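*Asks:* Shown below is the structure under consideration.
The values are calculated or read from the model by the stated rules, or taken from the named source; none is laboratory data. All values derive from a computational prediction rather than experimental measurement. When we count neighbours, we look across all protein chains shown, and the Cβ atoms used for this are built from the backbone with ideal geometry, even at glycine. These area figures cover heavy atoms from the full protein model, side chains too; ligands, DNA and RNA do not enter into them. Shrake-Rupley method; radii C 1.70, N 1.55, O 1.52, S 1.80 Å.
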Amino acid sequence: MTATTHHVTDADFTLADEHAMAAALRAAATGVRGANPLVGAALLDQDGQLIAVGHHRGAGTDHAEVDVLRRAEAAGATAAQIAAATMVVTLEPCNHTGRTGACTEAILAAGIRSVVHAIGDPHRAAAGGAHRLRAAGVRVRAGLLAGQARQLNRRWLAAVGTRPFVTLKVAQSLDGGIAAADGTSQWITGTDARADGHRLRALADAVLVSTGTVLADDPALTARRADGSRAARQPRRAVMGLRPVPASAAVRGDDGRFRALPTRDPAEALAGLYADGVKHVVIDGSPGLATAFARAGLVDELVVYQAPLLLGGRPAFPDLGLSTLGEAIRFVPDEAGGGAATRFGPDTRLRFVPEDAAADAAADDAADAPGAADDTVPVPDRKD
């Protein structure tokens, strides 16, 4: 993690607390973006030494608090040492049971009596962890390195409770082409890169393409393993646009998980998906949609699979409507989810998040504001 360290002035926090939170933030940054936030946790013993560090690896996996408890046990810490430790976590421990159990109950079951968290959980169902712990007699302190914690999850924080988190996936040539002039595009990237793209699909709640893509390519939008078999977890399949989807289209399937979104408005499409319970959507292989969502500022994560070839042909982002460099839509490299740049055979996966100076400034202002260490007011809706 490369964010500038934000030193809190609360005398209640020790230097050891800050070092532990910094370690938790670094661990959180190795997690997977999507329906859930990036969260890390650390256990600090009574002498200020780290016992273990853990993090959340995506929806359905152990939350950071449970992960660090298991890592502490695996490292040989006794139950008494764990109970005497301070739990340091980048997000307020959740207080509900979804696909995983409540983190508050795991902390209480371990006998831990001291918890430090950076920011409150804005998810209504999951929030209230600090109150639950305090009611059980646990000392809870909040606000340590809050600016860094908000910065790490600023796009998730902007989306939670209002719309799905949006990942835009692009497979392109070195010159930004996604298809040759004659429309051929299978395959620009190699088998390893395509397998990773299917892994990304399997992590999402839904995959979204345009009606134009359906009519041109007839994709099934399933998530598949390297051997071509269907992955155990399948996303919903959504198609956005005003033209009808043919009854024979592969995307319709026979499992009732197809959704037509008769609109060209990205915000309206996301509202429809969110109403269906979708918390993470991947836009995959539709240049018109890619352009529309980018222009609307609704891309939370950009994943580019770059093939080492020059193609010309059809661009990944046609007609962004920009006339000068000052209007460019800017992104910054993202180290989450395996790193900003990863090789897959001859291809390279590049991960980016939007550059957002206004959001960065707001996060820093919130961290410095009076009462920044208080629990946040919850809003809907986070997925486990």
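*Asks:* For segment 62-93, which positions are open to solvent by less than 50 Å² (accessible area, probe 1.4 Å), out of contact with any strand residue (DSSP E or B) (no Cβ under 6 Å at 6 or more places or on another chain) and closer than 16 Å to Gly111 by Cα?
*Replies:* Across segment 62-93, the qualifying residues are Val66, Leu69, Ile82, Ala83, Ala84, Pro93.
*Asks:* Out of all the residues in segment 40-55, which are open to solvent by 10 Å² or more (accessible area, probe 1.4 Å) and under 15 Å from the mean Cα position of the chain (by Cα)?
*Replies:* His55
*Asks:* Test Leu273 against the stated conditions and say whether it is part of a strand (DSSP E or B) and hydrophobic (A, V, I, L, M, F, W, C).
*Replies:* no
*Asks:* Among the residues of segment 154-172, which ones are buried (at least 18 other Cβ atoms within 10 Å of the Cβ), touching a strand residue (DSSP E or B) at 6+ places or on another chain (Cβ under 8 Å) and not charged (D, E, K, R)?
*Replies:* If the condition is that a residue be buried (at least 18 other Cβ atoms within 10 Å of the Cβ), touching a strand residue (DSSP E or B) at 6+ places or on another chain (Cβ under 8 Å) and not charged (D, E, K, R), then Trp156, Ala159, Val160, Pro164, Phe165, Val166, Thr167, Leu168, Val170, Ala171, Gln172 are the ones that fit.
*Asks:* Look through Leu43, Leu25 and report the one residue that is outside the structural domain of Arg201 (by the TED database), modelled with pLDDT of 95 or more, assigned to a helix (DSSP H, G or I) and touching a helix residue (DSSP H, G or I) at 6+ places or on another chain (Cβ under 7 Å).
*Replies:* The conditions single out Leu25.
*Asks:* Could I ask something else about it? Working carefully through the options Val214, Val209, find the one that is over 24 Å from the mean Cα position of the chain (by Cα) and more than 20 Å from Gly337 (Cα to Cα).
*Replies:* Val214
*Asks:* Tell me which residues, restricted to segment 280-300, are open to solvent by 30 Å² or more (accessible area, probe 1.4 Å) and either of a type outside the set (Gly, Ala, Ser) or free of Cβ contacts under 8 Å to residues at least 12 places away in the same chain (or both).
*Replies:* Pro287, Arg295
*Asks:* Residues in segment 323-333: is at least one touching a residue at least 60 places away in the same chain (Cβ under 8 Å), assigned to a loop (DSSP other than H, G, I, E, B) and in the same structural domain as Arg259 (by the TED database)?
*Replies:* Scanning segment 323-333 turns up no residue that is touching a residue at least 60 places away in the same chain (Cβ under 8 Å), assigned to a loop (DSSP other than H, G, I, E, B) and in the same structural domain as Arg259 (by the TED database).
*Asks:* Can you pull out the residues in segment 278-310 that are closer than 16 Å to Asp356 by Cα, in a strand (DSSP E or B) and more than 13 Å from the chain's Cα centre (by Cα)?
*Replies:* Answer for segment 278-310, where residues must be closer than 16 Å to Asp356 by Cα, in a strand (DSSP E or B) and more than 13 Å from the chain's Cα centre (by Cα): there is none.
*Asks:* Could you list all residues from segment 127-163 that are farther than 30 Å from Ala294 by Cβ and assigned to a loop (DSSP other than H, G, I, E, B)?
*Replies:* Ala127, Gly128, Ala136, Gly137, Val138, Gly143, Leu144, Leu145
*Asks:* Only one of Ala179, Ala238, Ala220 is over 24 Å from the mean Cα position of the chain (by Cα), open to solvent by less than 80 Å² (accessible area, probe 1.4 Å) and closer than 25 Å to Glu268 by Cα; which?
*Replies:* When all the criteria are applied, what remains is Ala220.
*Asks:* For the list (1) open to solvent by 30 Å² or more (accessible area, probe 1.4 Å); (2) under 26 Å from the mean Cα position of the chain (by Cα); (3) in contact (Cβ under 8 Å) with a residue 12 or more places away in the chain, I need the number of the one condition that Pro266 fails.
*Replies:* (1)
To keep it simple, each residue is scored yes or no on (1) in contact with a His (Cβ under 7 Å, 6 or more places away or on another chain); (2) at positive phi; (3) without any contact (Cβ under 8 Å) to a residue 60 or more places away in the chain.
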| site | (1), (2), (3) |
| --- | --- |
| Leu157 | no, no, no |
| Thr162 | no, no, no |
| Val170 | no, no, no |
| Gln186 | no, no, yes |
| Ala193 | no, no, no |
| His198 | no, no, yes |
| Asp205 | yes, no, no |
| Val209 | no, no, no |
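*Asks:* Report every pair of residues separated by at least 6 positions or lying on different chains whose Cβ atoms are under 8 Å apart, first residue within segment 27-52 and closer than 21 Å to Asp205 by Cβ, second polar (S, T, N, Q).
*Replies:* Arg33/Thr167; Gly34/Thr167; Pro37/Asn153; Leu38/Thr90; Leu38/Asn153; Val39/Thr90
Yes/no per residue for (1) open to solvent by less than 20 Å² (accessible area, probe 1.4 Å); (2) in the same structural domain as Glu335 (by the TED database):
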position: Gly143; (1), (2): yes, no
position: Ala149; (1), (2): yes, no
position: Asp175; (1), (2): no, yes
position: Thr189; (1), (2): yes, yes
position: Ala193; (1), (2): yes, yes
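*Asks:* Checking Thr222 against (1) more than 16 Å from Ala195 (Cβ to Cβ); (2) at pLDDT below 95, which single condition isn't satisfied?
*Replies:* (1)
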